[in-house]
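Notes follow once the structure below has been shown.
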Ligand SMILES: CC(C)(COP(=O)(O)OP(=O)(O)OC[C@H]1O[C@@H](n2cnc3c(N)ncnc32)[C@H](O)[C@@H]1OP(=O)(O)O)[C@@H](O)C(=O)NCCC(=O)NCCS
């Protein structure tokens, strides 16, 4: 029989996250984070015309989402989550790839904060070239955990032939 969690048999759809998706997204959010976003926080982010908010769906059900806001030339990845049983099937990777397809431009930067203890997310971001560039001490209110600040910079064309690390060293907190 088909494994209901086998994504190799189930096409993954990535599209814009809409207000109608929020009940499903919030259910995943509550299962994923100790201090989940409220409905109002999602609505605020979706209302920003310059943001990119994406939903991942399997069989028309939301199984993951990504929320990214733009501040000038810097994109801030505000939120990303995949429903527990659907993890380690490449869904977050697909969401990030679609974000970068849309937003990558030479010199553009992405930043985010992640809990120091969140090895899964840190490994994911490092795969995409994010580098750590400092801490926000006691950033998370629930347990006063520090946030790791990470940056990814899209190389300028002239720097593209140079060492990629050189381009990413411009990351700043
Ligand atoms: C972090 C999260 C979004 C990853 O989603 P995902 O769909 O499982 O990620 P992917 O399957 O695309 O994983 C890509 C790579 O990230 C790394 N990774 C993901 N989960 C990992 C884990 N639990 N442990 C170690 N590495 C992990 C691996 O390198 C993985 O590649 P691999 O499976 O080939 O080894 C998911 O675990 C999640 O929703 N966590 C709770 C919410 C959260 O912490 N969000 C991040 C807030 S900053």
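Just so you know, all these numbers are worked out from the coordinates, no wet-lab data involved. Nothing here was measured: the structure is a model prediction, and the numbers come from that model. Counting neighbours? That spans all protein chains shown, and the Cβs are built from the backbone with ideal geometry, glycine included.
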Stokes-Einstein translational diffusion, the chain - Kirkwood Rh over all Cα pairs, 1.567 mPa s, 4 °C, in µm²/s: 76
Normalised contact order of the stretch 1-103, rounded percent, pairs of Cα under 8 Å and 6 or more residues apart: 27
Mean Cα-pair separation over length for the chain, i.e. relative contact order, pairs under 8 Å, 6 or more apart, %: 16
Antiparallel content of DSSP bridges confined to the chain, in %, to 5: 90
Residue among 136, 158, 127 with the largest mean-square fluctuation in a Gaussian network model of the chain, springs linking Cα atoms under 10 Å: 158
Cα→Cβ-extended label distance, 7 Å offset, between residue 100 and residue 74, nm: 2.0
Candidates 33, 42, 100: whichever shows maximal mean-square fluctuation once the chain is modelled as a Gaussian network with Cα springs under 10 Å: 33
Mean-position separation - Cα centroids, the stretch 35-69 and the stretch 74-123, in angstrom: 13
Calculated [θ] (222 nm, deg cm²/dmol) that DSSP helices of n ≥ 4 give over the chain, each run adding -39,500 (n - 2.57): -7500 deg cm²/dmol
